[in-house]
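Here is the structure we will look at.
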Amino acid sequence: MVTEKPMTVDAQRCARILDTVRETGNSLTVAFNYRFNPVHEKVRTLLADGAIGEILSVHFEWLLDVRHGADYFRRRHREKRNSGGLMVHKSSHHFDLVNWWLADEPAEAFGYGRLGFYGHEAGARHGLRREYDRAHGAAAAAEDPFALDLAANDTLRALYLDAEQDDGYLRDRNVFDGPISIEDDMAVLVRYVQGATMAYHLTAYSPWEGYRVMFNGSAGRLELEVEESNWQPPVTRVASHTGAVHGDAAAEHAGGVRLTLRPLWRPPAEIDVETAHEAHGGGDPRMLDAIFGQVHAGDPVTGGEVAARTATERDGALALAVGLAANECFETGRPVVVRDLIPGLYDLS
């Protein structure tokens with residue numbers, strides 16, 4: 001069986017999935033496509049080959065821009081009961097990557113999260129809020145760069161606006177109004193079983209989109225910067241007929257990728273990497289080949305080390321557990337032992 005990431009959105013459902021795997025003797029593959037991005041593969045190879053010695057700490061900064069980030073506050077994801085919040089829905093990508101890069105497992109997590117940009121109170125405080133519930137048919141949304149015009153985009157109109165009479169799902173809610181229970185600014189500290197630590201920060205309202213990851217080791221430092229979109233123009237209902245949703249133009253305003261190795265006592269070296277901005281950095285077709293056999297044109301990438309990058313149900317649960325631990329910390333202000341979150345997680349080898 002194959003499932004998208006995240007595997008689910010809470011500990012109880014995750015435990016039921018793991019129980020089912022054990023009871024049936026079957027397996028579950030979780031579609032972590034970031035493992036198949038050639039840039040991420042290069043990072044894994046360098047770390048595994050000891051390029052910086054023992055890995056002691058990781059700093060991971062992820063920025064969602066005001067097009068992509070805002071989209072999680074227009075739709076069902078804005079209520080944590082539906083999505084688990086960005087720590088579960090999106091950051092599980094990164095938590096799995098770090099588990100995979102380090103060849104380690106999370107032991108303990110602590111963090112703080114807040115709704116500081118989106119939502120009624122913050123929007124009013126920053127002077128960004130307009131008075132409307134949903135953009136469709138609202139005059140107040142006409143000049144709002146955060147409004148999504150479903151009627152102006154054929155695909156969005158067919159998928160959502162025309163279907164509202166059947167499912168009642170509103171896709172174009174005001175990001176500065178209504179019930180929002182997820183955070184837009186999150187800081188998390190994770191300690192791993194073998195001793196490394198990670199400082200992780202997610203910002204969902206950035207002018208640019210991408211991520212910076214720095215690995216500090218006993219023999220040097222490895223630095224990755226990926227600039228997926230270096231800026232986004234304001235998009236209003238008057239100025240555009242495409243809508244303001246992430247994915248309208250996959251490589252629009254794309255920046256670059258830089259991977260730098262900084263060994264002790266020697267000059268830094270820029271590492272050549274294969275880059276793509278579409279299909280999750282080129283990871284999607286490679287992942288599909290590894291899971292299903294060759295399904296796209298070009299050289300096959302099945303078998304061998306590439307196939308070994310597929311993630312199991314345990315990998316999915318470990319990535320989910322970090323996000324769930326973060327969410328619990330946001331509520332309680334206390335650190336969380338990861339193994340205590342999901343019953344049966346450590347019964348899987």
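The values are calculated or read from the model by the stated rules, or taken from the named source; none is laboratory data. Small disclaimer: the values here were computed from a predicted structure and weren't measured. A quick note on method: Cβ atoms are made from the backbone with ideal geometry, for glycine too, and the neighbour counts reach across all protein chains shown. These accessible areas exclude ligands, DNA and RNA; they are computed on the full protein's heavy atoms, side chains included. Shrake-Rupley method; radii C 1.70, N 1.55, O 1.52, S 1.80 Å.
Excluding same-chain residues fewer than 8 positions from LYS80, which lysines have a Cα within less than 18 Å of its Cα?
By straight Cα distance, LYS80 reaches LYS5, LYS90.
Between ALA152 and ARG339, what's the calculated FRET efficiency when r is the beta-carbon distance and R0 is 45 Å? Round to 0.05.
Result of the calculation: an efficiency of 0.35.
What list of ³J(HN,Hα) couplings, whole Hz, do you get for region 125-141 from phi and the Karplus terms 6.51, -1.76, 1.60, once you set θ to phi - 60° and write x for glycine and proline?
5, 8, x, 9, 6, 10, 8, 7, 8, 9, 5, 4, x, 9, 4, 5, 8
Summarise the accessible area of the chain (1.4 Å probe, protein heavy atoms) by the percent that is carbon and sulfur.
50
Any idea of the accessible area per residue across region 10-92, 1.4 Å probe, to the nearest Å²?
The answer is 36 Å² per residue.
In nm, to one decimal, how far is the GLU61 label point from the THR20 one, both placed 7 Å along Cα→Cβ?
4.1
How do the peptides 62-71, 253-262 rank, highest first, by the average count of neighbouring beta carbon atoms within 10 Å per residue?
Descending packing order for the listed peptides: 62-71, 253-262.
Among [x] 26, 50, 23, 1; [y] 28, 58, 14, 0; [z] 28, 51, 18, 3, which one is P(r) over Cα pairs in 20 Å bins from 0, in percent computed from these coordinates?
[y]
What FRET efficiency, computed as 1/(1 + (r/R0)^6) with R0 = 30 Å and r the Cβ-Cβ distance, is obtained for ARG266 and VAL193, rounded to the nearest 0.05?
With a Förster radius of 30 Å, E is 0.45.
Would you mind computing, in nm to one decimal, how far apart the modelled labels at TRP231 and ALA124 are, each placed 7 Å from Cα along Cα→Cβ?
Label at TRP231, label at ALA124, 3.3 nm between them.
Can you compute the modelled spin-label distance between ALA163 and VAL2, with each label point 7 Å from Cα toward Cβ, in nm?
With each label point 7 Å from Cα toward Cβ, the separation is 2.1 nm.
From Cα pairs below 8 angstrom and at least 6 apart in sequence, can you work out the relative contact order of the chain, rounded to a whole percent?
The value is 29 percent.
Under 12 Å from a point placed 7 Å out from the Cα of ASP104 along the Cα-to-Cβ direction: which residues of region 186-213 have their backbone N that close?
190-199
Taking the DSSP beta bridges in the chain as the whole, what percent of them are antiparallel, to the nearest 5?
On the way: 46 of 57 bridges.
If we restrict to bridges inside the chain, about 80 percent are antiparallel.
Find which of THR29, GLY178, PRO145 sits farthest along the positive direction of the dipole of the chain, computed with +1 on the beta-carbon of Lys and Arg, -1 on that of Asp and Glu, about the Cα centre.
The residue sitting farthest along the positive end of the dipole is GLY178.
Quick check on the chain: helices-only [θ] at 222 nm, where DSSP H runs of length 4 and up contribute -39,500 (n - 2.57) each and the sum goes over total residues. Nearest 500, please. Walk me through the numbers on the way to the answer.
Values: 12 runs with 102 residues, N = 349.
Roughly -8000 deg cm²/dmol at 222 nm, from the helical runs in the chain.
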